[in-house]
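Values quoted throughout were computed directly from the atomic coordinates according to the rules given, and no laboratory measurement underlies them. Worth saying up front: this structure is predicted, and the values here are computed from it rather than measured. We place every Cβ from the backbone using ideal geometry, glycine too, and count neighbours over all the protein chains shown.
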Amino acid sequence: MNQPTFFDDMRSTLGDAIAQTRTSLLTYAQTHRHWAIAYSGGKDSSATVTVVAHLIETGQIPAPETLTVLYADTRMEIPPLHFAAMKILAELEERGMRTRIVLPELDSRFFVHMFGRGIPPSRPHFRWCTGAIKINPMMNALRELRAETGEKFLMITGVRLGESA
C-alpha cells in the first residue's frame, strides 16, 4: 500500500495541462491577433511551442494572424542543444510559423560581463544573466514586432509548475 505524501496531487495530468493551456489560449486569442512565443530550446519552452503548434494544427484553437517564435540565443548553449533548437525552428517555419533569433547586444553578453567588467557568474539565488542575456533582448524583439504591426502581441512563455500559474 502506498503511503500518501505531501506531494500527491501536485502535478496535473498531461490531459489536464493541455486542457488548461487550450482554455487560456482560447480566452486570450479573442483579444490578440498576433502571438509570440519565447523559446530558449529548453524543456519548458520546447513543451510550450510544441503544444501550441499541436493545438493550432488540430483545430483546437484558432490560428492567430501571425505567430512568431522568438529564440533567445544566449551563445551559451552546448552545441547539441543549439543544433536541436535550430532543427525545431526550421520545422516550425515549415509549418508556417515565423521565427526570429534574438541575441543580446554585444556589451550585454555573459563573457563581456564576467571578463570585461569583472562581474561574478550568476548563482542560484541571484541570476543577473537572465535579464541581461534573455529578458531584455526578448523585450526589444517584442517591441520591434509591435512596431511592425502596430498592435500588441500575446506573449507566450513556458514555465515550470510552481513558478507561475
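Below are the figures for this structure:
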| read-out | value |
| --- | --- |
| Separation in nanometres of the label points that stand 7 Å from Cα toward Cβ, at E148 and S12 | 3.1 nm |
| Residues whose placed amide H lies under 5 Å from that of G41, excluding near-sequence neighbours | S46 |
| Long-range HN-HN contacts of T99 with modeled amide H, under 5 Å | V69 |
